[in-house]
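One structure is given below, encoded as structure tokens.
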There are 2 protein chains.
Amino acid sequence: MKSHKEPILRDVAMMAEVSIKTASRVLNNDPSVAPLTRAKVLEAMRELDYRPDPAARSLRAGRDRSVGVVVEGIGDVFVASLVASIESRLSDAGYQVLITSSHRDVSRERAIVQDFQQRRCAGVIVMPCTEDSLVGLRLGDLPVVFVDRVGEFPGSQSVVSDDFGLARIAGKHLTSHGHRRIAIVSDSQSVPTTRDRHAGFRQAMEDGGITFDPDLVRDDCLDESYVRDAINQLFALDQPPTALIATNTRLSIGVVPALHLVGRTDTAFLAFGDFPMAESLTPAITAIDHSPHRLGQIAAETLLARLKPGALDVSTEPIVVPAGLIVRGSGELPPRPTTQNSSAAIPARAT
Amino acid sequence: MKSHKEPILRDVAMMAEVSIKTASRVLNNDPSVAPLTRAKVLEAMRELDYRPDPAARSLRAGRDRSVGVVVEGIGDVFVASLVASIESRLSDAGYQVLITSSHRDVSRERAIVQDFQQRRCAGVIVMPCTEDSLVGLRLGDLPVVFVDRVGEFPGSQSVVSDDFGLARIAGKHLTSHGHRRIAIVSDSQSVPTTRDRHAGFRQAMEDGGITFDPDLVRDDCLDESYVRDAINQLFALDQPPTALIATNTRLSIGVVPALHLVGRTDTAFLAFGDFPMAESLTPAITAIDHSPHRLGQIAAETLLARLKPGALDVSTEPIVVPAGLIVRGSGELPPRPTTQNSSAAIPARAT
DNA sequence: TGTTCCAATGACAACGATGACATGCCTCGA
DNA sequence: TCGAGGCATGTCATCGTTGTCATTGGAACA
């Protein structure tokens, strides 16, 4: 029961009394169209409310004004801001943005990127599961930009934070407040970013002359649901930590309620990744702000630069986006006097 | 320098020694292909790592396995979870999900939906700026599902919370704790959801025999950046409120730091929309949990039902997704003794 | 044995746009 | 005055796939 069919270029051409090709030329801003003709065609397009068919266009022209974005999962606050910022920039530039989550599955990630290429996306922005997750894929000359995590792909470029450096600063911040038993809560070290943050942290410990204690390293928190157990176990150690670092926003958001639950909000805590309520908590949370907004914006710019016609001279060096430490209180708590743990470390929940 | 060209159906056909059409039949699971032939073709496809071209497909077939999603802005935590849940369900069902933000601009919203239709999306899910934002659009028979807010469009269906009822419950919750001066902080009432929540709130006030005071209604908080001023002004009133309601998640997240800032965390507060840190704050935040996850899931299911071949008997009645009140403390604070305001209500910030 | 019918396959056009190339006309310089 | 050259426009084929219709060969039936 559709009242009108979609107008196509032929209809425009007929109404303007020109050939289809001329109408096409107007559509593509071909300079070799007489002003008067152009006006007639534009008028016809307006009259018919014509919109070009992207499928036909991309089939014939072999390219499409769309960009694919692959992230771990859009539910995450960090990822959501990252994506929001990418989307905002690219859609202003006239690109349609296709967003899909890999759910941290490498094969899914590969399939998604392949599909984007099949769809003739002009380029893709990927937050890769692992640095080699795209290696070996047949992608033609599809421009690839990795974001938040370095990735490997011929001709690609990565836009990241200085994970090693920031983690080192974070570690130093805690040691300089007198801590010597600092636990790190993270997801798997197969994620490049996470690995770098561990390395930076270890470096900071070494700088402070602190010997490495594997009991304080929890790299088994795949998501926030693992955090509670990890925290419980850390505080059940003979020598529990006096300070904590969480290596990403999602885990940081998990650590706070877990600390409340075990009644150890007197533990120094430094979050990797700032989040909305951080300054309203008691204590307010000290955080490394590796701004997802800026990261996304720069990733988008980087991709746009590669989409410009003659962009062959582009660099493939990783771009490091600056970030800083926001001091709010939780990261400056002093170590509480070392108490040998004797009883179970699960105090009643505060009401 | 691309090593291989993408394999196309012709290559498959040649390798399997059949016609292109037969290969196409295999691709589309046409039953009238001899098992042996089918096997040969499948083998060739595997051999060549063939993947069909979505552009050509959708051009010819007039449809595409993709679904468009339009939301206000993916940066928002509520929206992010909503989208995550939609995306997850639809991509499991084999659809490519296209997500775009309207940035609360009706004309942008319309343009995006038009574009989705041009791209031959199988359907769209829209969180509309206003209920009539799509009215009059030429969309053929594109299935439309509205989410979180009722929308108007011929044949569409909306998946929403019971905004009126929930707001009424929220209001009643506060009045039953003795509050009589309750302020409501919201975005514009041009948003259908917001309007309904105001209505429910007013109903609760009426139920409690409380006379309406326009000074306590702030529907001018377009986003979180307006909240601080609104809160300041509310507490500068001669008779400041003893309780607050915020009508959406984003604003709720803005209210908490604002209350901290003015040192009035003894004000009862009820958030519309739960958020991550709610239970770790002091006081913990009582919230209406109109689960974005469930909302998204049901919206996705609703759309999928309409995408099934013979789905003409579908209902257009709004679907109401249940939600509940999570009691945590902030919503149960008693009114503090009515103090006539004399000094400015901006105490020094707590360090 | 001849006719019918169906299963399996293929030839061809078409979807809507653009690239390569051709054409006609007008201007300009010799 | 004529040819070269450039501008404006048109013709035709093509992108990769699928719908329509035709064709083939054999099984089933009278």
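Any read-out appearing in this document is the output of simple, stated calculations on the displayed coordinates, not a laboratory observation. Since the structure is predicted, the reported quantities are computational estimates derived from the model, not experimental observations. Note: ideal-geometry Cβ built from the backbone for every residue, glycine included; neighbour counts use all protein chains shown.
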For this session: Express as a percent, rounded to the nearest 5, the fraction of DSSP beta bridges in the protein assembly as shown (both residues included) that run antiparallel.
Result: 10
Exercise. What angle do you read, to the nearest 10 degrees and between 0 and 90, between the alpha-carbon axis of helix A:35-48 and the longest principal axis of chain A?
Worked result: 70
Problem set entry | Summed residue charge, Cβ within 13 Å of B:S66's Cβ, Lys/Arg positive, Asp/Glu negative | +1
Exercise. Within chain A, how many lysine pairs that are 8 or more places apart, or on different chains, have C-alpha atoms less than 29 Å apart?
Worked result: 6
For this session: Under 15 Å from the Cβ of B:K21, count the other residues' Cβ atoms, weight Lys and Arg +1, Asp and Glu -1, and hand me the total.
Result: +3
For this session: Could you tell me what percent of the DSSP beta bridges with both partners in chain A are antiparallel, to the nearest 5?
Result: 10
Problem set entry | Built amide H within the under 5 Å cut-off of A:D64, gap 5+ | A:A122
Exercise. Calculated from DSSP H runs of 4 or more alone, at -39500 (n - 2.57) each and per residue, what is the 222 nm mean residue ellipticity of chain B, nearest 500?
Worked result: -12000 deg cm²/dmol
Exercise. Could you give the length gained on full extension between B:S315 and B:K21, defined as 0.36 nm per residue of separation minus the Cα-Cα distance, in nm?
Worked result: 102.0 nm
Exercise. Out of residues 5 or more away from B:I326 or on other chains, whose amide H comes under 5 Å of its own, with H placed 1.01 Å from N in the peptide plane?
Worked result: B:A287, B:I288, B:D289
Exercise. Along the three principal axes, how long is the stretch A:9-52 when you take its alpha carbons, biggest first, rounded to the nearest angstrom?
Worked result: 23, 18, 15
Problem set entry | Förster radius 25 Å - calculated FRET efficiency between A:H103 and A:R65 (Cβ-Cβ, nearest 0.05) | 0.35
For this session: For B:D238 paired with A:Q203, estimate the spin-label separation in nm (one decimal), with each label point 7 Å from Cα along the Cα-to-Cβ line.
Result: 6.4
Exercise. Across the Cα atoms of the stretch A:105-244, what radius of gyration and what greatest pairwise Cα-Cα distance (Dmax) are found, in Å?
Worked result: 18.4, 58
Exercise. How much FRET efficiency would the formula 1/(1 + (r/R0)^6) give for B:V135 and A:S32, where r is the Cβ-Cβ distance and R0 is 35 Å, rounded to 0.05?
Worked result: 0.30
Exercise. Where Rh is the Kirkwood radius over the Cα pairs of the protein assembly as shown, the temperature 37 °C and the viscosity 0.692 mPa s, what D in µm²/s does Stokes-Einstein return?
Worked result: 117
Exercise. Taking the alpha-carbon centroid of each part, what is the distance from the stretch A:29-97 to the stretch B:41-94 in angstrom?
Worked result: 18
For this session: In Å³ and rounded to a whole number, note down the convex hull volume per residue for the Cα atoms of chain A.
Result: 183
Seminar exercise, completed: Cβ density ranking, 10 Å radius, fewest first, applied to B:T22, B:T282 yields B:T282, B:T22
Seminar exercise, completed: Fewest-first ordering of B:K5, B:K172 by Cβ atoms within 10 Å yields B:K5, B:K172
Exercise. For label points placed 7 Å from Cα toward Cβ, what is the shortest-first list of nm distances from B:Q239 to its copies?
Worked result: 6.3
Problem set entry | Between helix A:163-175 and chain A: long-axis angle, C-alpha atoms, 0 to 90°, nearest 10 | 30
Exercise. Which shape class, rounded, prolate or oblate, goes with the stretch A:86-168 when its Cα gyration tensor gives a ≥ b ≥ c as root eigenvalues, a/c under 1.5 marks rounded, and past that a/b bigger than b/c marks prolate?
Worked result: oblate
Seminar exercise, completed: For chain B, longest principal axis from Cα atoms; helix B:106-118 axis from its Cα atoms; angle between them, nearest 10 degrees, is 20
Exercise. When the Karplus curve 6.51 cos²θ - 1.76 cosθ + 1.60 is applied with θ = phi - 60°, which whole-Hz ³J(HN,Hα) does each residue of the stretch A:49-66 get, with x for Gly and Pro?
Worked result: 6, 6, 9, x, 8, x, 5, 4, 4, 6, 4, 6, 7, x, 8, 8, 7, 9
For this session: Evaluate the distance, in nm, between pseudo-label points positioned 7 Å from the Cα of B:R46 and of A:E47 along their respective Cα→Cβ axes.
Result: 5.7
For this session: Could you size up the charge dipole of chain B around its Cα centre, putting +1 on the beta carbon of Lys and Arg and -1 on that of Asp and Glu, and report it in debye to the nearest 20?
Result: 960
Seminar exercise, completed: homo-copy label distances at B:P283 (7 angstrom along Cα-Cβ), nm, one dp, ascending, are 2.6
Exercise. What number comes out for the charge environment of B:V33, summing +1 per Lys or Arg and -1 per Asp or Glu over other residues with Cβ under 15 Å away?
Worked result: +1
Exercise. Using a ≥ b ≥ c from the Cα gyration tensor of the stretch A:176-288 (square roots of the eigenvalues), is it rounded, prolate or oblate, where a/c under 1.5 gives rounded and otherwise the larger of a/b and b/c decides, a/b for prolate?
Worked result: rounded
